[in-house]
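J.: The following block contains the structure, expressed as structure tokens.
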Amino acid sequence: MHTSTLVTISAGSLLASIIGYAVYFDYQRRNNSEYRKALYNANKLHRTQQEFLQRKKAEGEKARYRQILQETKTEIASVKTSAERSEAIKNKLQYGEMYALQKKFWDSAKEFYIAMFYMPNPMELLGLLEQQIHPEVLRILQGLISENPQMFLSRVQQSFDASIAMTSLRPPHPKYVFRGHSSSVTSLTIFSDNVLSSDADGWIIVWAITSMRPRIVWKAHDNTILNADFWDQDRIISHGRDHKLFVWKINYLNANVDYPVEGRDNKKPWIIGALDVNALNYCGFSKFMLDEKMYVAIPSAKSEEIDIWMIPDNQLVHGKIKSDTPNGLVMCISLQLQNNTWRIYAGYESGAVIIFEYIQENWSIIYAEKGHQQPVLSVLPLSTIFVTSSADSFLTIHSLSHPPRAINTKRLGQESLSCRGDEKLLVSAGWDGTGRVYHCETGEMLAVLKLPHDGCKAAFWGKAGILLGGKEGRISFWDVYAE
């Protein structure tokens, strides 16, 4: 007999048996009350067993939820600063995704749950996770939220309150607009109750904050002023594209206060120091005072090198400070004295960012990174980090202990970075005519300060507030985000 015939006979017999049992079962269910009772009791026992198992499983999950919540509460409390939160978000999201791929669903849900507490908007992250993560991870995550909803809702409320606070600041309005310059404002600073501004035609104006009126006005240079700053109340340093660096002695009594007028050279203060300098880089000087002596860092005759001069004695203290590799022109400089050690923070045409430190009577490079794809326009040293901006759209946060972190602001050309006194917030001047306020450690944008500027080239954050200088010559004064 063929195998196929045997298989056919066996299959037929099995089918006949199944049909026969079904007929017998239906007959007993309809006609035998004892059978129906036994069947009911068996079903009831099965349901009871299933409910017991589900209850035990739920109790086990609840215990695990409580354990995870206790662990996360301790871990969340240990993260204090914005930088720690930013790093924790990145790590938790990475581990959450990794555990989900390994089918460690409980571990994955725990990592995502902690990440939600560090996020500025936890509901936004939850919405993204609902679309992307494994359903079992989402179920556990929702169970964690349901186990202690007050803990989660309080974090959501904080996020909502912060959002409302930000919304209430948009759009902010300037406290005052200074109108005096007839060309692009190139630098701004505040000293005591005075605002110092310079422009592309070589003019300087010192304004009184109390009256919002000029105290002295004069044409300091024959070309664009790259930078101007107070030495003290009565002395000002200016650096122009006419290859001159001047130190001015200011006498506010009987000073000229007429606004810049084309073709008229107003009465100037006394020049008590003058230095021939290189101005091909469009890079202004950076200064600091040490032992009653003023030091300025400027690009040297070779535009990829940096010199440090003591003024007004015009003594070259350090010269030809340069990178080991070609990076093009020096675009911005910040001269600092940190831990009794001289440092130069320099940004280059190539996008490189370098820190030079004076160690054992030699200048050494202690940090070098390609922070940008376009020329670096501004470098802002802070206590533990420093921030750079460039012609590209990135705001880059640097640290000596971590790789640089670039935040895409989606706005090309931000310069003249300046921070609030507590180093928590900074402001930038944007080519699009706006100032933008960022958190220093996270790079989160907090506000947009907008006037109908054609473009902003200068920004400064002092105790009195924020100053922004436009290409059309106006200076807007903002009192937002006071310390």
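J.: If residue 298 satisfies every condition in (1) buried (at least 20 other Cβ atoms within 10 Å of the Cβ); (2) under 27 Å from residue 392 (Cα atoms); (3) within 27 Å of the chain's Cα centre (by Cα) but one, which is the exception?
T.: For residue 298, the exception is condition (3).
J.: So for segment 86-104 (the condition being surrounded by 12 or more Cβ atoms within 10 Å (Cβ to Cβ), outside any helix (DSSP H, G or I) and modelled with pLDDT of 75 or more), does at least one residue qualify?
T.: Within segment 86-104 (the criterion being surrounded by 12 or more Cβ atoms within 10 Å (Cβ to Cβ), outside any helix (DSSP H, G or I) and modelled with pLDDT of 75 or more), the answer is yes, since at least one residue qualifies.
J.: Quick test for you: out of 372, 402, pick the one residue that is part of a loop (DSSP other than H, G, I, E, B), at negative phi and crowded, with 23+ Cβ neighbours inside 10 Å.
T.: 372
J.: Mind checking which pairs have a first residue in segment 339-368 that is at positive phi and a second that is crowded, with 21+ Cβ neighbours inside 10 Å and not polar (S, T, N, Q), Cβ under 6 Å, 6 or more apart or different chains?
T.: 351/372
J.: Here's a follow-up. In the set 207, 218, 248, 203, which member is in the same structural domain as residue 460 (by TED's automatic domain parsing) and within 25 Å of residue 291 (Cα to Cα)?
T.: Matching residue, one of 207, 218, 248, 203: 248.
J.: Hey, any hits in segment 255-264 for a residue that's surrounded by fewer than 21 Cβ atoms within 10 Å (Cβ to Cβ), of a type in the set (D, E, K, R), modelled with pLDDT under 95 and more than 27 Å from residue 478 (Cα to Cα)?
T.: Checking segment 255-264: at least one residue is surrounded by fewer than 21 Cβ atoms within 10 Å (Cβ to Cβ), of a type in the set (D, E, K, R), modelled with pLDDT under 95 and more than 27 Å from residue 478 (Cα to Cα).
J.: Another question, then. From (1) closer than 26 Å to residue 310 by Cβ; (2) touching a residue at least 40 places away in the same chain (Cβ under 8 Å); (3) of a type in the set (Val, Ile, Thr), pick out the condition that doesn't hold for residue 387.
T.: (1)
J.: So, residue 249, is that one farther than 24 Å from residue 463 by Cβ and in contact with a strand residue (DSSP E or B) (Cβ under 6 Å, 6 or more places away or on another chain) or not?
T.: yes
J.: Also, I was wondering about something else. Being part of a loop (DSSP other than H, G, I, E, B), in the same structural domain as residue 332 (by TED's automatic domain parsing) and either buried (at least 19 other Cβ atoms within 10 Å of the Cβ) or under 36 Å from the mean Cα position of the chain (by Cα) (or both) is the requirement here; does residue 280 meet it?
T.: Considered against the rule, which asks whether it is part of a loop (DSSP other than H, G, I, E, B), in the same structural domain as residue 332 (by TED's automatic domain parsing) and either buried (at least 19 other Cβ atoms within 10 Å of the Cβ) or under 36 Å from the mean Cα position of the chain (by Cα) (or both), residue 280 comes out as yes.
J.: Spot the failing condition for residue 77; the list is (1) surrounded by 10 or more Cβ atoms within 10 Å (Cβ to Cβ); (2) modelled with pLDDT under 75; (3) among the aliphatic types (A, V, I, L, M), and only one is missed.
T.: With (1) surrounded by 10 or more Cβ atoms within 10 Å (Cβ to Cβ); (2) modelled with pLDDT under 75; (3) among the aliphatic types (A, V, I, L, M) applied to residue 77, the lone miss is (1).
J.: Say whether the condition of being touching a residue at least 12 places away in the same chain (Cβ under 8 Å), surrounded by fewer than 19 Cβ atoms within 10 Å (Cβ to Cβ) and either among the aromatic types (Phe, Trp, Tyr) or outside the structural domain of residue 284 (by TED's automatic domain parsing) (or both) is met by at least one residue in segment 441-459.
T.: No, segment 441-459 contains no residue that is touching a residue at least 12 places away in the same chain (Cβ under 8 Å), surrounded by fewer than 19 Cβ atoms within 10 Å (Cβ to Cβ) and either among the aromatic types (Phe, Trp, Tyr) or outside the structural domain of residue 284 (by TED's automatic domain parsing) (or both).
J.: Mind listing whichever residues of segment 383-403 are over 24 Å from residue 431 (Cα atoms) and not polar (S, T, N, Q)?
T.: Residues of segment 383-403 that are over 24 Å from residue 431 (Cα atoms), as a first pass: 383-385, 399-403.
Correct list: 385, 400, 402, 403.
J.: Of all residues in segment 382-393, how many are of a type in the set (Phe, Trp, Tyr) and surrounded by fewer than 24 Cβ atoms within 10 Å (Cβ to Cβ)?
T.: Quick first cut of segment 382-393, residues of a type in the set (Phe, Trp, Tyr) only: 386.
Still in the list and also surrounded by fewer than 24 Cβ atoms within 10 Å (Cβ to Cβ): none.
Total meeting the criteria: 0.
J.: Another question, if that's okay. Search segment 183-192 for residues being under 30 Å from the mean Cα position of the chain (by Cα) and in a loop (DSSP other than H, G, I, E, B), and hand back the single one that is modelled with the highest pLDDT. Can you show your working first?
T.: Narrowing segment 183-192 to residues under 30 Å from the mean Cα position of the chain (by Cα): 184-192.
Within this subset, residues satisfying the condition of being in a loop (DSSP other than H, G, I, E, B) are 184, 192.
Values: 184: 95, 192: 89.
Ranking the qualifying residues of segment 183-192, first place goes to 184.
The values are calculated or read from the model by the stated rules, or taken from the named source; none is laboratory data. Since we're looking at a predicted model, the values are computed, not measured. Cβ coordinates were reconstructed from backbone atoms using ideal geometry, including for glycine residues, and neighbour counts include every protein chain displayed.
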